[in-house]
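What follows is a short report on a single structure.
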Amino acid sequence: MEDFIRRLPKVELHLHIEGSMEPELMFELAQRNNVSLPYASVEEARNAYHFQDLQSFLDIYYQGADVLITERDFFDLTWAYLMRCKADNVIHTEIFFDPQTHTARGIAFDTVINGIYHALKQGEKELGITSQLIMCFLRHLSEEAAFETLEQAKPHLNRIVGVGLDSSELGNPPEKFARVFAEALSLGLKTVAHAGEEGPAQNIRDAISLLHVSRVDHGVQCVQDDELVSELALSRMPLTVCPLSNIKLRVFDSMTDHNIIRLLDRGLCVTINSDDPAFFGGYMTDNFLALYHAMAPTRSQFAQFTRNAIEAAFVSPEAKQAMMQKLDDFTVVNHLH
Ligand code: ADE
Ligand code: ZN
């Protein structure tokens with residue numbers, strides 16, 4: 001089964017590129033750029049990665065991003081993540097980046113997006129991994145700051161498929177960003193938002209009705225509202241669920257308490273993703289394996305997670321068809337048909 005999970009073609013839809021920075025790379029970049037770190041060693045950094053909740057994680061995560069200065073740094077960060085994708089048989093990935101984390105430190109928007117984008121293009125050419133880029137607004141910052149960020153993105157709209165909303169959910173509800181999301185939609189961008197990670201089910205309803213999202217990131221708190229769960233199943237609204245993240249940030253006490261399999265059984269379009277793998281203990285395969293060890297889902301349930309992710313991906317019908325074919329080829333060989 002573990003071998004099956006490793007080889008299963010996967011599609012990732014919820015990955016913060018800044019959250020894929022392993023402590024080894026963080027130290028390398030700190031040295032390259034003469035930035036001081038609050039840790040004496042890689043081991044000390046890893047030992048600091050224990051969190052009580054989302055905010056305690058975010059404080060450490062934003063601090064780690066300080067080592068990212070040049071276009072090459074953003075390229076190296078993205079390339080390292082793509083190598084993990086290759087190892088995990090991720091065939092397509094849609095990654096988030098947080099421009100405000102960098103522009104607030106005086107790093108140009110262009111430096112950030114150029115580095116990430118060039119690595120993604122090289123990944124497509126050399127590794128055969130396709131990708132999309134989603135720009136997130138930090139919800140603890142103002143609506144005005146989000147509008148400024150959207151303005152900076154305008155010369156790069158051909159490189160960005162959509163906008164998202166991340167950072168501290170509690171106290172920063174979807175309605176705060178309804179107007180900037182409306183402008184993003186009018187520019188032809190898709191919208192997604194973190195909702196119902198730590199926050200209430202109402203945030204999921206509001207992300208759908210006020211931000212017109214095509215996918216909900218996390219969304220696991222939907223179970224507070226049974227009517228909502230039925231609506232999500234009926235509409236096939238995708239939820240990009242992040243199992244290891246939810247355990248590390250204490251959304252669930254343990255993996256055996258996680259609700260992703262129950263949501264799958266109720267017909268929701270749930271997917272498995274890694275969120276911030278360098279901080280939460282693993283990449284895509286690790287998330288699949290953690291679920292397997294806790295709840296022993298079947299092979300066809302694991303294949304369904306990839307099928308759901310392909311359905312939810314921001315790509316053309318032809319590209320979806322090609323990915324479904326890769327999955328079908330795999331399942332036939334593994335006697336799932
Ligand atoms: N930024 C990076 N990871 C996040 C998460 N899990 N929730 C909200 N904001 C984030
Ligand atoms: Zn996230």
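Measuring with a 1.4 Å probe in the full set of protein chains, what accessible area per residue, in whole Å², belongs to segment 2-332? Don't skip to the end; give the middle numbers.
On the way: 12580 Å² over 331 residues.
Per residue, segment 2-332 has an accessible area of 38 Å².
For segment 211-296, run through the chymotrypsin sites (Phe, Trp or Tyr not before Pro) and keep only the ones in DSSP coil with at most 12 other Cβ atoms within 10 Å of their Cβ. Qualifying residues, ordered by number: none.
Each part gets one Cα centre, and for segment 300-317 versus segment 168-226 those centres are 21 Å apart.
Lysines near LYS154 by alpha-carbon distance under 17 Å, same-chain residues fewer than 8 away left out - which ones? Result set, ordered by chain and number: LYS190. Calculated mean residue ellipticity, 222 nm, the chain: -15500 deg cm²/dmol, from DSSP H runs (n ≥ 4) at -39500 (n - 2.57) each, averaged per residue and rounded to 500. Comparing SER20, ASN308, HIS293 along the charge dipole axis of segment 2-332, the residue lying farthest to the positive side is ASN308, per the Cβ-charge model.
Can you classify the chain as rounded, prolate or oblate using the Cα gyration tensor, where a ≥ b ≥ c are the square roots of its eigenvalues, rounded means a/c under 1.5, and otherwise it's prolate if a/b beats b/c and oblate if not? In terms of gyration-tensor shape, rounded.
Phi angles across segment 265-277 convert, under the Karplus curve 6.51 cos²θ - 1.76 cosθ + 1.60 with θ = phi - 60°, into 3J(HN,Hα) values of 5, 7, x, 7, 7, 8, 10, 9, 9, 10, 6, 10, x Hz, Gly and Pro given as x. Net charge dipole, segment 14-102: roughly 180 debye, given to the nearest 20, about the Cα centre with Cβ charges of +1 for Lys and Arg and -1 for Asp and Glu. Straight Cα distances below 13 angstrom link LYS320 to the aspartates and glutamates GLU311, ASP328, with same-chain residues fewer than 8 positions distant left out.
Taking Lys and Arg as +1 and Asp and Glu as -1, the other residues whose beta-carbon sits under 12 Å from that of GLU169 total -4. Counting only protein heavy atoms and a probe of 1.4 Å, the accessible surface of the chain is 50% carbon and sulfur.
Placing +1 on the Cβ of every Lys and Arg and -1 on the Cβ of every Asp and Glu, with nothing else charged, gives the chain a dipole about its Cα centre of roughly 880 debye. For the pair segment 17-33 and segment 63-118, the centres of their Cα atoms are 11 angstrom apart. Of the trypsin sites (Lys or Arg not before Pro) in segment 1-105, the ones in a loop by DSSP (not H, G, I, E or B) with at most 14 other beta carbons within 10 Å are ARG105. Packing order of peptides 207-218, 313-324, highest average first: 207-218, 313-324 (average count of other Cβ atoms within 10 Å over each peptide's residues). Taking a ≥ b ≥ c as the square roots of the eigenvalues of the Cα gyration tensor, an a/c ratio of 1.5 or more together with a/b no larger than b/c marks segment 189-236 as oblate.
At a threshold of 8 angstrom on Cα-Cα distance, excluding pairs fewer than six apart, so keeping six or more, what relative contact order does segment 2-332 reach in percent? Could the numbers behind the result be given before it?
Details: 564 pairs, mean separation 65.5, N = 331.
Answer for segment 2-332 is 20 percent.
Here is the result for segment 1-47: no chymotrypsin sites (Phe, Trp or Tyr not before Pro) lie in DSSP coil with at most 13 other C-beta atoms within 10 angstrom of their C-beta.
The values are calculated or read from the model by the stated rules, or taken from the named source; none is laboratory data. If you're wondering where the values come from, they're calculated on a predicted model, not measured in any experiment. Note that each Cβ is placed from the backbone with ideal geometry, even for glycine, and that neighbours are counted across all protein chains shown. Just the protein is used for accessible areas: all its heavy atoms, side chains included, with ligands, DNA and RNA removed. Shrake-Rupley method; radii C 1.70, N 1.55, O 1.52, S 1.80 Å.
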